[in-house]
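Down below is the structure, laid out as structure tokens.
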Amino acid sequence: MKKKNPTKGFLTVATKRKQFLMSADNLKESLLDHYPEAKITLFTEQRFIDDPSCQNYFRDFDQVLPTPSNTNREKMWGMANSPYDLTFYMDADIEIVHKDISNVFDHLEDGKYDMAYVNLTKEGGYGYFAEWDWGPNLYDDGWKGAPDHLAHCGGVALYDTRNPLIKEFMLDWYNLFFKQRDGEWNPIEFDNIKVGNFRQWDQLTLWWLIYHSPKYEFLKWKFFDDNYRWNYFTAFGLPNQIGNDGYNCHVVDPSRDYWKTDPDPIVIHYSSWMDKYGEKGFL
């Protein structure tokens, strides 16, 4: 039975580059501007924690905790080790722009759901962005058990660790990602496709654990009802532009205020810290 009066907080992770600390600092400030009572924990590398030049970035975080490594997917490890019962994880390249952020925990509906994710809708284009070098006919080539697209966004996640399986889920997601990256994991659902060749993002392993792992088949999850509000990707406004690499991606126009003309977003998700600080490009 889940305990009553759970602790609630926000979490972000910043590794590899100091610019991600800058982004995490901005995320924290924007959160506290719109929800002053919020608690937010940062996971980052020990070298940054020990660096005197980084100390200003850590002010007003509830906790600053070290990651075990410096990879760009330490976020799943941080998610597994959240100090809160109910956690809203956000990538560091996010900014909060609406007071409704204080209502985010309501989406778990008082313990009815264990997790909630944003749906990577094809209409929005973020799903294609996340999959752009997996091939245009990925779903037409007999990919067994594939949904229309990899629906679950790994950039934001709401979850309840009062269910002990949730921490295990996050750790399994963390470990499975590296097995995919290193070519050590190729499940039967992908018998004709080498998953190690896929883009090294985390949507694939998240999708597989949710839909194909017997260990987690009884977890209760949902998509946010007002999907765009909780992960408004800054590239939504410019579909079908060709990037420098030739892929059909979305290019950010920093002069355009997308969120002023679209569905009143709460969470603005930049495509990288470079977009956040006025430089075009993707990490």
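The values are calculated or read from the model by the stated rules, or taken from the named source; none is laboratory data. As the structure is a computational prediction, the values presented were derived from the model and not from experiment. A quick note on method: Cβ atoms are made from the backbone with ideal geometry, for glycine too, and the neighbour counts reach across all protein chains shown.
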> Which residue pairs have Cβ atoms under 8 Å apart, sit 6 or more places apart or on different chains, and have a first residue in the range 169-180 that is within 17 Å of PRO214 (Cβ to Cβ) and a second that is acidic (Asp, Glu)?
Replying inline: TRP173/ASP202
>> Suppose we filter SER82, SER30 for residues that are in a loop (DSSP other than H, G, I, E, B) and not aliphatic (A, V, I, L, M); which single one remains?
In response: SER82
> Can you pull out the residues in the range 85-104 that are more than 24 Å from GLN203 (Cβ to Cβ) and in contact with a strand residue (DSSP E or B) (Cβ under 6 Å, 6 or more places away or on another chain)?
Replying inline: VAL97
> For LYS18, all conditions in the list (1) farther than 18 Å from THR67 by Cα; (2) surrounded by fewer than 18 Cβ atoms within 10 Å (Cβ to Cβ) hold save one; what is the number of the exception?
Replying inline: (1)
>> For the range 118-135, check the following and say yes or no: at least one residue is modelled with pLDDT of 95 or more, under 24 Å from LEU219 (Cβ atoms) and surrounded by 20 or more Cβ atoms within 10 Å (Cβ to Cβ).
In response: no
>> Quick check on THR67: is it among the hydroxyl-bearing types (Ser, Thr, Tyr) and either closer than 23 Å to SER102 by Cβ or at pLDDT below 95 (or both)?
In response: no
> So which residues in the range 70-83 are at pLDDT 95 or above and surrounded by fewer than 21 Cβ atoms within 10 Å (Cβ to Cβ)?
Replying inline: TRP77, ALA80, ASN81, PRO83
>> Looking only at the range 50-76, count every residue that is among the basic types (Lys, Arg) and assigned to a helix (DSSP H, G or I) and tell me the total.
In response: 1
>> Take the residues in the range 157-201 that are modelled with pLDDT under 75 and outside any loop (DSSP other than H, G, I, E, B); name whichever of them is farthest from LYS2 (Cα to Cα).
In response: ASN197
